[in-house]
Structures are given as structure tokens and as C-alpha cells.
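The values are calculated or read from the model by the stated rules, or taken from the named source; none is laboratory data. Being a predicted model, the structure only gives us computed values, none of them experimental. Because the Cβ atoms are built from the backbone with ideal geometry, glycine has one as well, and the counts that use them run over all protein chains shown.
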Amino acid sequence: MSTLPNLSFFGKKVLITAGPTYEKIDPVRYIGNYSSGKMGYALAEVLADMGADITLVSGPVHISTNHPNIKVIFIESAIQMYDACMQVFPQMDIAIMAAAVADYRPAEYSANKIKKKDESLTLELVKNPDILASLGDIKNAGQIVVGFALENNNELENAKIKLHNKKADAIVLNTLNNNGAGFQHETNQITIILKNGAIFEFPLKTKVEVAKDIAECVLKML
């Protein structure tokens, strides 16, 4: 793809989610995942450099932002991320959902540490709200919603299903089957599927370069 023009997103308000969510079991334990937040934070920095006004809703990560155009809302749980996104999305032009949100949370939270006493412990889990689908349901004709899909089988087919079911405008697909892609890496390898059927495949790149590729695809939809 061609070199990105400078400040292509000037005046655009962009919501980005990043990192994992932690679903508390008790005061010392939680359900989480291996997301580092690096992809979402790279997107925030790249789009801010291109003139966008960024609202970054971030789960627990060990990264900081540099650009003054990035406002960070720190959250911990999926419900907190859902609430933050639903509150700010109506004012946004673009939403890019790069966070690895937990699908389920414990049905009950124990205010006291659960003591080890039995040979097994059973946790009941309940489904968390689907942030991407919720934004897809309420977006207007002028808003663009981009989702992420991390797959390890039937990758392209599953990503296309997600694109349709979530009413997204694009899905960024990456797979656990590619070395150097997925969680905890400085690199990623993606395929972007647009709502109009266009598919763009990219080689393994740094996450900053991947963020630039995603930005250019979003520009095609503006």
C-alpha cells in the first residue's frame, strides 16, 4: 500500500480498546488472558500521529502513551470496558476494538479470599456483554467499527462470520498458528477483511507497521 498521507485523521475522534480484562474471583485471583495491549497502544500512537483525537480504553497493561492527543480510560473488567465504550462511542467517528475481552466472568465474587480446603473447586461463569456487537448495533451510517479476531482454525471463515454477526465494517484477523503473531509479541501478521468483501493480507511486521496498515484500510472506508 502507498505511504500514508500526514494528518489524514485530523479532526476524527477515534475510540480504541487495548489489553486484557481481568474478571475477579476473589481479592487475590482473577480470570485473564495473555494480551499485552501492544497492538492497541500502537494503533493509538499511530492514529494520534495522523491527527486523530484518541480515546483509549485500556485494560491492565505495562505500557504508557506518549502522544498528547491520547486520552486513556483505565478499566479492569469487561463490564467496565463495555460501560466506558458505550458512554463515549456516540461521539466517535471510528472505533477499533483491539482489546482481548474476557468472554465470561465468575457468576459470584467472593469478598474474602477463597481458602484451599477441597480437592476441587467449581466456578460458575456467566457471559460478558459483547462490546463489538453492541457498537455494531448502535452505530450510525457515518461511524466505522473495526473488530479483531484471534483464531487458530478455520481462520478466514470464522473472521467473515464475525464480521457479519457483529455488524462491523472490518475485521482484523490474526492467528495463533503464525510464529511471531498474537499475544506478547512485538510483531503481528494480519489479514484485514472489509465489509465490501475486499481482503488484504500482510506479512509479519512490527506492531507499529501493522497499525499503519490498519489505518490505511480505515482510510479507504472514510
Quiz item: Restricting the search to the stretch 115-153, which residues are touching a residue at least 12 places away in the same chain (Cβ under 8 Å) and among the acidic types (Asp, Glu)?
Solution: GLU124, ASP130, ASP137, GLU151
Self-check item: Residues satisfying the stated conditions in the stretch 191-222, i.e. surrounded by fewer than 21 Cβ atoms within 10 Å (Cβ to Cβ) and either in a strand (DSSP E or B) or of a type in the set (Ser, Thr, Tyr) (or both)
Solution: THR191, LEU194, ILE199, PHE200, GLU201, LYS205, THR206
Practice problem: Only residues that are surrounded by 13 or more Cβ atoms within 10 Å (Cβ to Cβ) and either farther than 30 Å from ASP213 by Cβ or of a type in the set (Asp, Glu) (or both): list them for the stretch 87-108, please. | Solution: ASP93, ASP103, TYR104, ARG105, PRO106
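Conditions (1) closer than 17 Å to TYR82 by Cβ; (2) part of a loop (DSSP other than H, G, I, E, B); (3) modelled with pLDDT under 95, marked per residue:
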| site | (1), (2), (3) |
| --- | --- |
| PRO5 | no, yes, yes |
| PHE9 | no, yes, no |
| SER36 | no, yes, yes |
| GLY40 | yes, no, no |
| LEU47 | no, no, no |
| GLY51 | no, yes, no |
Practice problem: Would you mind finding the one in VAL72, VAL14, VAL61 that is part of a loop (DSSP other than H, G, I, E, B) and hydrophobic (A, V, I, L, M, F, W, C)? | Solution: VAL61
Practice problem: Only residues that are surrounded by fewer than 16 Cβ atoms within 10 Å (Cβ to Cβ) and either in contact with a Leu (Cβ under 8 Å, 6 or more places away or on another chain) or within 25 Å of PRO90 (Cβ to Cβ) (or both): list them for the stretch 1-50, please. | Solution: LEU7, PHE10, GLY11
Quiz item: Of the residues that make up the stretch 130-141, is at least one farther than 21 Å from MET81 by Cβ, part of a loop (DSSP other than H, G, I, E, B) and out of contact with any strand residue (DSSP E or B) (no Cβ under 6 Å at 6 or more places or on another chain)?
Solution: yes
